[in-house]
Amino acid sequence: MINTENMKRTLCTYALLAGMACSLAAQATAPQKNQLLNEKSRTSITAFFTARLAGDEKTFDTSVRLKLKDVEAGREAVWQLWKEANEACEEEKLPAPAPLSEQSAGHWNLPEELEPNAVLNFYWGRKEAAGSPAPAEGLPLFLYLHGSGPRAQEWATGLKICSRFDDAPSLYFIPQIPNEGAYYRWYQRSKQYAWEKLLRQALLSDSVHPNRIYVFGISEGGYGSQRLASFYADYWAAAGPMAGGEPLKNAPAENLGNTAFSLRTGAEDKGFYRDRLTGYTAAALDSLQRQYPDRYTHWIELIPGRGHHIDYAPTTPWLKQYVRNPYPKHFVWEDFEMDGRYRKGFHNLQVDERPNTNMQTRTRYELDIEGNDISLKVDEVTYHTTETDPQWGIELKFNKTYVPARQGKLTVYLCPELVNLSKSVTLTVNGHTVFKGRVKPDGKHLVNSCATFFDPQRLYPAAIEVDLSALE
(Lines give C-alpha, C1' and ligand atoms only; values in the text may rest on other atoms or scores of the structure.)
Protein backbone atom coordinates (compact mmCIF):
# COMPACT_ATOMS: atom_id res chain seq x y z
CA MET A 1 0.00 0.00 0.00
CA ILE A 2 1.10 3.56 -0.66
CA ASN A 3 2.56 5.32 2.35
CA THR A 4 1.44 8.96 2.50
CA GLU A 5 0.95 11.62 5.13
CA ASN A 6 -2.65 11.89 4.08
CA MET A 7 -3.20 8.26 4.98
CA LYS A 8 -1.77 8.93 8.40
CA ARG A 9 -4.27 11.76 8.89
CA THR A 10 -7.31 9.91 7.61
CA LEU A 11 -6.86 6.28 8.59
CA CYS A 12 -6.94 4.58 11.97
CA THR A 13 -5.54 6.28 15.06
CA TYR A 14 -3.85 4.70 18.00
CA ALA A 15 -6.48 6.12 20.32
CA LEU A 16 -8.71 3.23 19.24
CA LEU A 17 -6.36 0.53 20.42
CA ALA A 18 -7.08 0.18 24.12
CA GLY A 19 -10.80 -0.24 23.68
CA MET A 20 -10.38 -2.51 20.67
CA ALA A 21 -7.93 -4.80 22.43
CA CYS A 22 -10.31 -5.49 25.29
CA SER A 23 -13.16 -6.08 22.89
CA LEU A 24 -11.13 -8.41 20.70
CA ALA A 25 -9.90 -10.45 23.63
CA ALA A 26 -13.47 -10.88 24.82
CA GLN A 27 -14.51 -12.15 21.40
CA ALA A 28 -11.95 -14.98 21.30
CA THR A 29 -13.65 -18.34 20.84
CA ALA A 30 -10.72 -20.75 20.38
CA PRO A 31 -8.82 -22.31 23.30
CA GLN A 32 -6.52 -19.92 25.12
CA LYS A 33 -3.53 -22.19 24.49
CA ASN A 34 -3.54 -20.83 20.92
CA GLN A 35 -1.29 -17.80 21.36
CA LEU A 36 -2.82 -16.07 18.35
CA LEU A 37 -5.97 -15.69 20.41
CA ASN A 38 -4.37 -14.70 23.70
CA GLU A 39 -5.08 -11.15 24.73
CA LYS A 40 -1.43 -10.10 24.48
CA SER A 41 -1.01 -11.47 20.94
CA ARG A 42 -4.33 -10.11 19.75
CA THR A 43 -3.51 -6.68 21.10
CA SER A 44 -0.04 -6.58 19.51
CA ILE A 45 -1.36 -7.83 16.14
CA THR A 46 -4.18 -5.29 16.19
CA ALA A 47 -1.70 -2.52 17.02
CA PHE A 48 0.49 -3.63 14.11
CA PHE A 49 -2.41 -3.72 11.64
CA THR A 50 -3.62 -0.32 12.82
CA ALA A 51 -0.16 1.15 12.32
CA ARG A 52 0.21 -0.49 8.90
CA LEU A 53 -3.09 0.97 7.73
CA ALA A 54 -1.88 4.35 8.94
CA GLY A 55 1.21 4.09 6.73
CA ASP A 56 3.81 2.46 9.00
CA GLU A 57 5.87 -0.02 6.94
CA LYS A 58 7.53 -1.83 9.85
CA THR A 59 7.53 -5.63 10.03
CA PHE A 60 5.80 -7.65 12.74
CA ASP A 61 8.79 -9.30 14.42
CA THR A 62 7.19 -10.92 17.46
CA SER A 63 7.19 -14.70 17.12
CA VAL A 64 3.79 -16.26 17.80
CA ARG A 65 3.91 -20.02 18.36
CA LEU A 66 1.84 -21.86 15.78
CA LYS A 67 1.47 -25.59 15.40
CA LEU A 68 0.90 -27.04 11.96
CA LYS A 69 -2.49 -28.41 12.99
CA ASP A 70 -3.54 -24.86 13.99
CA VAL A 71 -2.74 -23.16 10.67
CA GLU A 72 -6.36 -22.83 9.55
CA ALA A 73 -7.44 -21.51 12.94
CA GLY A 74 -4.52 -19.09 12.84
CA ARG A 75 -5.49 -17.86 9.40
CA GLU A 76 -9.06 -17.27 10.53
CA ALA A 77 -7.93 -15.45 13.65
CA VAL A 78 -5.49 -13.16 11.81
CA TRP A 79 -7.98 -12.38 9.05
CA GLN A 80 -10.63 -11.51 11.62
CA LEU A 81 -8.23 -9.10 13.34
CA TRP A 82 -7.38 -7.57 9.95
CA LYS A 83 -11.08 -7.10 9.20
CA GLU A 84 -11.69 -5.46 12.55
CA ALA A 85 -8.70 -3.13 12.14
CA ASN A 86 -10.02 -2.09 8.74
CA GLU A 87 -13.52 -1.54 10.07
CA ALA A 88 -12.11 0.77 12.75
CA CYS A 89 -10.19 2.87 10.22
CA GLU A 90 -11.46 6.37 9.57
CA GLU A 91 -11.49 6.16 5.79
CA GLU A 92 -14.04 6.30 3.00
CA LYS A 93 -15.51 2.83 2.60
CA LEU A 94 -17.09 0.93 -0.23
CA PRO A 95 -20.83 1.07 0.48
CA ALA A 96 -22.96 -2.04 0.46
CA PRO A 97 -23.53 -2.84 -3.22
CA ALA A 98 -26.88 -1.67 -4.58
CA PRO A 99 -28.25 -2.44 -8.07
CA LEU A 100 -25.90 -0.88 -10.63
CA SER A 101 -27.41 2.42 -11.78
CA GLU A 102 -26.83 6.18 -11.71
CA GLN A 103 -27.96 6.05 -8.07
CA SER A 104 -25.20 3.59 -7.08
CA ALA A 105 -22.52 6.28 -7.17
CA GLY A 106 -19.86 7.08 -4.60
CA HIS A 107 -16.54 8.88 -4.38
CA TRP A 108 -13.13 8.69 -2.77
CA ASN A 109 -10.85 11.64 -2.12
CA LEU A 110 -7.34 10.74 -3.25
CA PRO A 111 -4.34 11.82 -1.16
CA GLU A 112 -3.43 15.45 -1.79
CA GLU A 113 0.28 14.70 -1.91
CA LEU A 114 -0.26 12.13 -4.68
CA GLU A 115 -2.54 14.35 -6.73
CA PRO A 116 -3.97 17.73 -5.66
CA ASN A 117 -7.74 18.17 -5.88
CA ALA A 118 -8.36 14.61 -7.03
CA VAL A 119 -11.71 12.96 -6.38
CA LEU A 120 -12.39 9.51 -7.78
CA ASN A 121 -16.09 9.25 -8.52
CA PHE A 122 -17.34 5.75 -9.16
CA TYR A 123 -20.35 3.59 -9.77
CA TRP A 124 -20.38 0.56 -7.51
CA GLY A 125 -23.17 -1.93 -7.81
CA ARG A 126 -24.40 -5.37 -8.66
CA LYS A 127 -25.93 -6.79 -11.81
CA GLU A 128 -28.52 -9.46 -11.20
CA ALA A 129 -29.54 -12.33 -13.45
CA ALA A 130 -33.11 -13.56 -13.39
CA GLY A 131 -33.32 -16.87 -11.60
CA SER A 132 -29.67 -16.74 -10.51
CA PRO A 133 -29.29 -16.02 -6.80
CA ALA A 134 -26.02 -14.55 -5.59
CA PRO A 135 -23.56 -17.39 -4.92
CA ALA A 136 -22.63 -17.94 -1.29
CA GLU A 137 -18.93 -17.62 -2.07
CA GLY A 138 -19.39 -14.10 -3.48
CA LEU A 139 -19.86 -12.47 -6.87
CA PRO A 140 -17.30 -11.83 -9.61
CA LEU A 141 -16.05 -8.23 -9.57
CA PHE A 142 -15.22 -6.25 -12.71
CA LEU A 143 -13.12 -3.08 -12.68
CA TYR A 144 -13.81 -1.10 -15.87
CA LEU A 145 -11.56 1.75 -17.08
CA HIS A 146 -12.96 4.25 -19.59
CA GLY A 147 -11.33 6.05 -22.52
CA SER A 148 -9.74 9.49 -22.80
CA GLY A 149 -12.67 11.53 -24.09
CA PRO A 150 -14.47 14.11 -21.90
CA ARG A 151 -14.60 12.37 -18.56
CA ALA A 152 -18.26 13.04 -17.78
CA GLN A 153 -19.29 11.53 -21.10
CA GLU A 154 -16.89 8.59 -20.82
CA TRP A 155 -18.09 7.77 -17.31
CA ALA A 156 -21.75 7.83 -18.36
CA THR A 157 -20.95 5.69 -21.39
CA GLY A 158 -19.12 3.22 -19.19
CA LEU A 159 -22.15 2.74 -16.97
CA LYS A 160 -24.38 2.29 -20.01
CA ILE A 161 -22.28 -0.32 -21.81
CA CYS A 162 -21.22 -2.21 -18.67
CA SER A 163 -24.88 -2.57 -17.69
CA ARG A 164 -25.51 -4.38 -20.99
CA PHE A 165 -22.61 -6.86 -20.93
CA ASP A 166 -23.66 -10.49 -20.50
CA ASP A 167 -21.86 -11.27 -17.26
CA ALA A 168 -24.55 -11.14 -14.52
CA PRO A 169 -24.69 -11.92 -11.69
CA SER A 170 -21.69 -9.71 -11.03
CA LEU A 171 -20.38 -6.63 -9.28
CA TYR A 172 -18.96 -3.57 -11.04
CA PHE A 173 -16.62 -0.77 -10.01
CA ILE A 174 -16.74 1.90 -12.73
CA PRO A 175 -14.50 4.86 -11.85
CA GLN A 176 -14.36 8.29 -13.44
CA ILE A 177 -10.80 9.48 -13.96
CA PRO A 178 -10.27 12.32 -11.45
CA ASN A 179 -8.78 14.88 -13.82
CA GLU A 180 -7.81 15.35 -17.48
CA GLY A 181 -4.73 16.52 -19.30
CA ALA A 182 -1.77 15.46 -21.37
CA TYR A 183 0.01 12.34 -20.12
CA TYR A 184 -2.64 11.82 -17.45
CA ARG A 185 -3.14 8.08 -17.08
CA TRP A 186 -4.96 5.33 -15.16
CA TYR A 187 -1.71 3.76 -13.93
CA GLN A 188 -0.23 6.76 -12.09
CA ARG A 189 0.44 6.77 -8.36
CA SER A 190 -2.76 8.44 -7.23
CA LYS A 191 -4.76 5.85 -9.13
CA GLN A 192 -2.56 3.02 -7.78
CA TYR A 193 -3.68 4.18 -4.35
CA ALA A 194 -7.29 3.77 -5.50
CA TRP A 195 -6.77 0.29 -7.01
CA GLU A 196 -5.05 -1.00 -3.89
CA LYS A 197 -7.77 0.47 -1.74
CA LEU A 198 -10.39 -1.17 -3.96
CA LEU A 199 -8.65 -4.55 -3.80
CA ARG A 200 -8.18 -4.31 -0.05
CA GLN A 201 -11.78 -3.37 0.65
CA ALA A 202 -13.23 -5.77 -1.92
CA LEU A 203 -11.28 -8.67 -0.45
CA LEU A 204 -12.73 -7.81 2.96
CA SER A 205 -16.27 -7.98 1.57
CA ASP A 206 -18.38 -11.11 1.74
CA SER A 207 -20.05 -9.89 -1.48
CA VAL A 208 -16.88 -10.43 -3.58
CA HIS A 209 -15.44 -13.77 -4.65
CA PRO A 210 -11.72 -13.33 -3.85
CA ASN A 211 -10.62 -15.46 -6.82
CA ARG A 212 -12.93 -13.86 -9.40
CA ILE A 213 -11.72 -10.27 -9.78
CA TYR A 214 -11.23 -8.89 -13.30
CA VAL A 215 -9.93 -5.71 -14.93
CA PHE A 216 -10.72 -4.44 -18.42
CA GLY A 217 -11.04 -1.18 -20.31
CA ILE A 218 -11.37 0.54 -23.66
CA SER A 219 -8.89 2.80 -25.51
CA GLU A 220 -7.05 4.75 -22.78
CA GLY A 221 -8.69 2.27 -20.41
CA GLY A 222 -7.27 -0.48 -22.61
CA TYR A 223 -3.76 0.84 -22.08
CA GLY A 224 -4.43 1.23 -18.37
CA SER A 225 -5.93 -2.21 -17.92
CA GLN A 226 -3.02 -3.83 -19.78
CA ARG A 227 -0.55 -2.18 -17.42
CA LEU A 228 -2.62 -3.07 -14.36
CA ALA A 229 -3.01 -6.63 -15.66
CA SER A 230 0.75 -7.16 -15.49
CA PHE A 231 1.47 -5.04 -12.40
CA TYR A 232 -1.23 -6.66 -10.22
CA ALA A 233 -1.40 -10.02 -12.04
CA ASP A 234 -1.47 -12.00 -8.77
CA TYR A 235 -4.89 -10.51 -7.91
CA TRP A 236 -6.76 -10.90 -11.21
CA ALA A 237 -8.46 -14.03 -12.46
CA ALA A 238 -8.35 -12.49 -15.95
CA ALA A 239 -7.84 -9.16 -17.72
CA GLY A 240 -9.25 -7.79 -20.96
CA PRO A 241 -7.97 -4.56 -22.51
CA MET A 242 -9.69 -3.46 -25.73
CA ALA A 243 -8.70 -1.04 -28.51
CA GLY A 244 -5.31 -0.59 -26.87
CA GLY A 245 -1.85 -2.08 -27.15
CA GLU A 246 0.98 -1.19 -24.81
CA PRO A 247 4.69 -1.59 -25.53
CA LEU A 248 5.62 -4.70 -23.57
CA LYS A 249 8.17 -2.80 -21.50
CA ASN A 250 5.16 -1.13 -19.84
CA ALA A 251 3.31 -4.41 -19.23
CA PRO A 252 5.61 -7.46 -19.28
CA ALA A 253 3.79 -10.47 -20.68
CA GLU A 254 5.80 -12.83 -18.45
CA ASN A 255 3.73 -11.80 -15.43
CA LEU A 256 0.51 -13.18 -16.96
CA GLY A 257 1.38 -16.86 -16.55
CA ASN A 258 -1.55 -17.45 -14.19
CA THR A 259 -3.86 -14.65 -15.39
CA ALA A 260 -6.05 -15.28 -18.42
CA PHE A 261 -5.57 -12.38 -20.82
CA SER A 262 -7.69 -11.02 -23.63
CA LEU A 263 -6.66 -8.18 -25.96
CA ARG A 264 -8.99 -7.24 -28.81
CA THR A 265 -8.04 -4.47 -31.24
CA GLY A 266 -9.20 -3.43 -34.69
CA ALA A 267 -6.84 -4.61 -37.43
CA GLU A 268 -7.06 -1.11 -38.94
CA ASP A 269 -6.46 0.68 -35.63
CA LYS A 270 -3.19 2.33 -36.62
CA GLY A 271 -3.25 5.15 -34.05
CA PHE A 272 -0.19 5.02 -31.80
CA TYR A 273 0.65 1.65 -33.41
CA ARG A 274 -2.16 -0.10 -31.56
CA ASP A 275 -2.45 -2.78 -34.22
CA ARG A 276 1.30 -3.44 -34.30
CA LEU A 277 1.69 -3.49 -30.52
CA THR A 278 -1.28 -5.84 -30.16
CA GLY A 279 0.52 -8.15 -32.58
CA TYR A 280 3.72 -7.95 -30.54
CA THR A 281 1.78 -8.91 -27.41
CA ALA A 282 0.22 -11.86 -29.24
CA ALA A 283 3.64 -13.04 -30.42
CA ALA A 284 5.09 -12.75 -26.90
CA LEU A 285 2.27 -14.72 -25.28
CA ASP A 286 2.29 -17.34 -28.04
CA SER A 287 6.00 -17.84 -27.41
CA LEU A 288 5.53 -18.06 -23.65
CA GLN A 289 2.69 -20.53 -24.01
CA ARG A 290 4.86 -22.75 -26.22
CA GLN A 291 7.55 -22.64 -23.54
CA TYR A 292 5.07 -23.23 -20.69
CA PRO A 293 2.10 -25.13 -22.24
CA ASP A 294 0.01 -25.17 -19.04
CA ARG A 295 0.24 -21.40 -18.58
CA TYR A 296 -0.37 -18.12 -20.42
CA THR A 297 -3.99 -18.59 -21.43
CA HIS A 298 -4.79 -15.79 -23.86
CA TRP A 299 -7.16 -14.62 -26.57
CA ILE A 300 -5.69 -11.87 -28.70
CA GLU A 301 -7.60 -10.76 -31.76
CA LEU A 302 -6.89 -8.24 -34.48
CA ILE A 303 -10.43 -7.79 -35.77
CA PRO A 304 -10.52 -7.58 -39.59
CA GLY A 305 -11.92 -4.40 -41.09
CA ARG A 306 -12.28 -2.59 -37.77
CA GLY A 307 -10.56 0.57 -36.63
CA HIS A 308 -10.67 2.05 -33.14
CA HIS A 309 -14.33 1.08 -32.59
CA ILE A 310 -15.02 -2.61 -32.09
CA ASP A 311 -17.69 -4.80 -30.54
CA TYR A 312 -16.98 -4.69 -26.80
CA ALA A 313 -19.54 -7.32 -25.78
CA PRO A 314 -17.46 -10.54 -26.07
CA THR A 315 -14.80 -9.61 -23.50
CA THR A 316 -16.42 -9.96 -20.07
CA PRO A 317 -18.19 -13.29 -20.80
CA TRP A 318 -14.76 -14.64 -21.81
CA LEU A 319 -13.08 -13.23 -18.70
CA LYS A 320 -15.76 -14.54 -16.35
CA GLN A 321 -15.08 -18.19 -17.12
CA TYR A 322 -11.66 -17.98 -15.39
CA VAL A 323 -10.96 -18.34 -11.68
CA ARG A 324 -7.71 -17.29 -10.05
CA ASN A 325 -5.39 -19.92 -8.64
CA PRO A 326 -4.00 -18.13 -5.56
CA TYR A 327 -1.31 -20.79 -5.05
CA PRO A 328 0.58 -21.22 -8.35
CA LYS A 329 3.63 -23.44 -8.04
CA HIS A 330 5.21 -22.01 -11.18
CA PHE A 331 5.43 -18.38 -12.19
CA VAL A 332 7.65 -15.66 -13.62
CA TRP A 333 7.60 -12.14 -12.24
CA GLU A 334 9.36 -9.22 -13.85
CA ASP A 335 9.33 -6.62 -11.09
CA PHE A 336 8.83 -3.38 -13.01
CA GLU A 337 8.14 0.11 -11.76
CA MET A 338 4.90 1.88 -12.62
CA ASP A 339 5.06 5.66 -12.33
CA GLY A 340 8.26 5.23 -10.33
CA ARG A 341 6.74 2.79 -7.84
CA TYR A 342 7.29 -0.94 -7.34
CA ARG A 343 5.16 -3.69 -5.85
CA LYS A 344 6.24 -5.05 -2.47
CA GLY A 345 5.74 -8.62 -3.61
CA PHE A 346 4.05 -10.99 -6.03
CA HIS A 347 2.23 -14.27 -5.37
CA ASN A 348 4.23 -15.75 -2.45
CA LEU A 349 7.37 -13.61 -2.83
CA GLN A 350 8.05 -10.50 -0.77
CA VAL A 351 10.84 -8.08 -1.71
CA ASP A 352 12.70 -6.95 1.38
CA GLU A 353 15.63 -5.25 -0.37
CA ARG A 354 15.42 -4.68 -4.11
CA PRO A 355 18.23 -6.28 -6.14
CA ASN A 356 18.25 -3.56 -8.84
CA THR A 357 19.59 -0.32 -7.42
CA ASN A 358 18.09 1.97 -10.07
CA MET A 359 15.39 1.97 -12.74
CA GLN A 360 17.81 1.28 -15.56
CA THR A 361 17.44 -2.42 -14.81
CA ARG A 362 14.75 -4.66 -13.36
CA THR A 363 14.60 -7.92 -11.46
CA ARG A 364 13.10 -11.13 -12.81
CA TYR A 365 12.04 -13.93 -10.49
CA GLU A 366 11.20 -17.43 -11.71
CA LEU A 367 9.76 -19.81 -9.12
CA ASP A 368 9.15 -23.53 -9.58
CA ILE A 369 7.92 -25.92 -6.92
CA GLU A 370 8.03 -29.70 -7.48
CA GLY A 371 6.93 -31.57 -4.39
CA ASN A 372 8.97 -30.04 -1.57
CA ASP A 373 11.78 -28.86 -3.83
CA ILE A 374 11.67 -25.14 -4.54
CA SER A 375 13.81 -23.59 -7.27
CA LEU A 376 14.12 -19.83 -7.59
CA LYS A 377 16.05 -17.92 -10.24
CA VAL A 378 16.64 -14.22 -9.62
CA ASP A 379 18.07 -12.25 -12.53
CA GLU A 380 18.83 -8.63 -13.27
CA VAL A 381 17.08 -7.61 -16.50
CA THR A 382 18.30 -5.03 -19.00
CA TYR A 383 16.14 -3.84 -21.89
CA HIS A 384 17.58 -3.05 -25.32
CA THR A 385 15.27 -1.13 -27.66
CA THR A 386 15.19 -2.60 -31.17
CA GLU A 387 12.37 -0.53 -32.70
CA THR A 388 11.43 3.10 -32.07
CA ASP A 389 8.59 5.12 -33.57
CA PRO A 390 10.13 7.94 -35.64
CA GLN A 391 7.31 10.42 -34.99
CA TRP A 392 6.89 10.42 -31.20
CA GLY A 393 9.93 8.41 -30.12
CA ILE A 394 7.80 5.63 -28.63
CA GLU A 395 9.88 2.54 -27.87
CA LEU A 396 7.97 -0.27 -29.57
CA LYS A 397 10.03 -3.44 -29.42
CA PHE A 398 12.82 -4.80 -27.25
CA ASN A 399 15.34 -7.51 -26.55
CA LYS A 400 16.27 -8.39 -22.98
CA THR A 401 19.45 -9.70 -21.39
CA TYR A 402 19.66 -11.44 -18.02
CA VAL A 403 22.45 -11.87 -15.48
CA PRO A 404 22.10 -13.48 -12.04
CA ALA A 405 21.28 -10.97 -9.31
CA ARG A 406 24.10 -10.59 -6.79
CA GLN A 407 22.40 -8.53 -4.11
CA GLY A 408 19.01 -7.98 -2.55
CA LYS A 409 16.86 -9.72 0.04
CA LEU A 410 13.50 -11.45 -0.22
CA THR A 411 11.10 -13.64 1.68
CA VAL A 412 9.66 -16.81 0.17
CA TYR A 413 6.33 -17.46 1.89
CA LEU A 414 5.06 -21.04 2.14
CA CYS A 415 1.80 -22.73 3.02
CA PRO A 416 0.25 -26.23 2.93
CA GLU A 417 -1.15 -25.53 -0.54
CA LEU A 418 2.40 -25.08 -1.90
CA VAL A 419 4.50 -27.64 0.02
CA ASN A 420 4.09 -30.32 2.67
CA LEU A 421 5.14 -28.43 5.79
CA SER A 422 5.36 -31.63 7.82
CA LYS A 423 8.36 -32.73 5.74
CA SER A 424 11.74 -31.34 4.80
CA VAL A 425 11.81 -28.50 2.26
CA THR A 426 14.71 -27.62 -0.04
CA LEU A 427 15.11 -24.12 -1.48
CA THR A 428 17.63 -23.57 -4.25
CA VAL A 429 18.34 -20.00 -5.41
CA ASN A 430 20.42 -19.42 -8.55
CA GLY A 431 21.86 -22.91 -8.22
CA HIS A 432 22.77 -22.56 -4.52
CA THR A 433 20.99 -24.56 -1.83
CA VAL A 434 20.05 -21.91 0.72
CA PHE A 435 17.73 -23.98 2.92
CA LYS A 436 17.12 -27.66 3.61
CA GLY A 437 15.00 -28.84 6.49
CA ARG A 438 11.64 -28.40 8.18
CA VAL A 439 10.13 -24.93 7.93
CA LYS A 440 8.52 -24.02 11.23
CA PRO A 441 5.12 -22.31 11.13
CA ASP A 442 4.96 -19.00 12.98
CA GLY A 443 2.03 -16.67 13.45
CA LYS A 444 4.18 -13.65 12.58
CA HIS A 445 4.29 -14.84 8.96
CA LEU A 446 0.50 -14.91 8.81
CA VAL A 447 0.47 -11.34 10.10
CA ASN A 448 3.14 -9.99 7.75
CA SER A 449 1.77 -11.68 4.64
CA CYS A 450 -1.70 -10.39 5.50
CA ALA A 451 -0.38 -6.84 5.79
CA THR A 452 1.60 -7.16 2.55
CA PHE A 453 -1.04 -8.72 0.31
CA PHE A 454 -4.34 -8.00 2.22
CA ASP A 455 -5.68 -11.16 0.61
CA PRO A 456 -7.61 -13.87 2.51
CA GLN A 457 -6.19 -16.49 0.13
CA ARG A 458 -2.58 -15.52 0.86
CA LEU A 459 -2.05 -15.86 4.58
CA TYR A 460 1.20 -17.79 4.77
CA PRO A 461 2.20 -19.58 8.00
CA ALA A 462 5.84 -20.21 7.04
CA ALA A 463 8.67 -18.36 5.33
CA ILE A 464 12.30 -18.61 4.27
CA GLU A 465 14.40 -15.46 4.12
CA VAL A 466 16.99 -15.16 1.32
CA ASP A 467 20.00 -12.86 1.12
CA LEU A 468 21.26 -12.93 -2.46
CA SER A 469 24.60 -11.34 -1.52
CA ALA A 470 25.35 -14.40 0.65
CA LEU A 471 25.23 -16.76 -2.34
CA GLU A 472 28.70 -15.87 -3.60
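Cα extents for the chain along the principal axes, largest to smallest and rounded to whole angstrom: 68, 56, 45.
Taking amide hydrogens as placed 1.01 Å from N in the peptide plane, the amide H of G147 sits under 5 Å from those of I218, G221, each at least 5 positions away in sequence or on another chain. If you count only protein heavy atoms and use a 1.4 Å probe, how large is the accessible surface of E472, to the nearest 10 Å²? It works out to around 150 Å². Extending 7 Å from Cα along the Cβ direction at D206 and again at Q360 yields two label points whose distance is 5.5 nm.
A straight Cα-to-Cα reach below 13 Å connects K423 with the aspartates and glutamates D373, residues fewer than 8 places away in its own chain not being considered.
A probe of 1.4 angstrom, applied to the heavy atoms of all protein chains, finds V378 with accessible area near 0 square angstrom. Give me the percent of Cα-Cα pairs in region 346-434 that sit more than 22 Å apart, rounded to a whole number. Summing the P(r) tail past 22 Å for region 346-434 gives 42 percent. On full extension, the segment bounded by K83 and Y183 gains 32.3 nm, given 0.36 nm per residue less the C-alpha separation. At a probe radius of 1.4 angstrom, the accessible area of the chain per residue rounds to 41 square angstrom.
Each listed q (0.19, 0.22, 0.29 Å⁻¹) maps to a log10 I(q)/I(0) for region 387-444, found by the Debye formula over equal Cα scatterers with no solvent: -0.83, -0.99, -1.25.
Measuring nothing but protein heavy atoms, the accessible surface of region 258-399 at 1.4 Å probe radius is 46 percent carbon and sulfur.
Maximal additional length on extending the I161-E387 stretch stands at 77.7 nm, based on 0.36 nm per residue less the C-alpha distance. Amide H contacts of F398: T386, each under 5 Å away and 5 or more positions distant or on a separate chain (H built 1.01 Å from N in the peptide plane; Pro and chain starts excluded).
The accessible surface of region 72-172, taken with every protein chain in place and a 1.4 Å probe, is 51 percent carbon and sulfur. Cross-link partners for K249 among the lysines, with Cα-Cα distance under 18 Å and sequence neighbours closer than 8 places in the same chain left out: K397, K400.
Scalar couplings 3J(HN,Hα) for region 72-84, obtained by applying the Karplus form with A = 6.51, B = -1.76, C = 1.60 to θ = phi - 60°, are 5, 5, x, 4, 4, 5, 5, 5, 5, 5, 4, 4, 5 Hz; x denotes Gly and Pro. In this structure, the amide hydrogen of G125, modeled 1.01 Å from its nitrogen in the peptide plane, lies closer than 5 angstrom to those of Y172, counting only residues at least 5 positions away or on a different chain. Karplus-derived 3J(HN,Hα) values for region 340-354, using 6.51 cos²θ - 1.76 cosθ + 1.60 with θ = phi - 60°, are x, 10, 10, 6, 8, x, 7, 6, 9, 9, 10, 8, 9, 8, 5 Hz; glycine and proline are entered as x. Each stretch of four or more DSSP H residues adds -39500 (n - 2.57); spread over every residue of the chain, this sum gives -8500 deg cm²/dmol at 222 nm.
Model label points for Q103 and A313, set 7 angstrom from Cα along the Cα-to-Cβ axis, are 2.8 nm apart. Take every Cα pair under 8 Å whose residues are at least 6 apart in sequence, average their separation, divide by the length of region 52-197, and the relative contact order is 22 percent. Rolled with a 1.4 Å probe across the full set of protein chains, the surface gives R185 an accessible area near 60 Å². Within straight-line reach of K440, meaning a Cα separation under 14 Å, sit the following aspartates and glutamates at least 8 residues removed in sequence or on another chain: D70, E465. First measure r as the distance between the Cβ atoms of K40 and A134, then evaluate 1/(1 + (r/R0)^6) with R0 = 45 Å and state the FRET efficiency to the nearest 0.05. So the FRET efficiency works out to roughly 0.70.
Computed from phi, the 3J(HN,Hα) profile of region 310-322 under the Karplus parametrisation 6.51, -1.76, 1.60 (θ = phi - 60°) reads 10, 7, 8, 5, x, 5, 5, x, 5, 4, 5, 6, 9 Hz, with x in place of Gly and Pro.
Paramagnetic label reach from N399 (point 7 Å along Cα→Cβ; backbone nitrogen cut-off under 19 Å): within region 354-384, residues 361-362, 380-384.
The values are calculated or read from the model by the stated rules, or taken from the named source; none is laboratory data. Nothing here was measured: the structure is a model prediction, and the numbers come from that model. Ideal geometry is used to build each Cβ from the backbone, glycine not excepted, and the neighbour counts take in all protein chains shown. Keep in mind that these areas ignore ligands, DNA and RNA; they rest on the heavy atoms of the full protein, side chains included. Shrake-Rupley method; radii C 1.70, N 1.55, O 1.52, S 1.80 Å.
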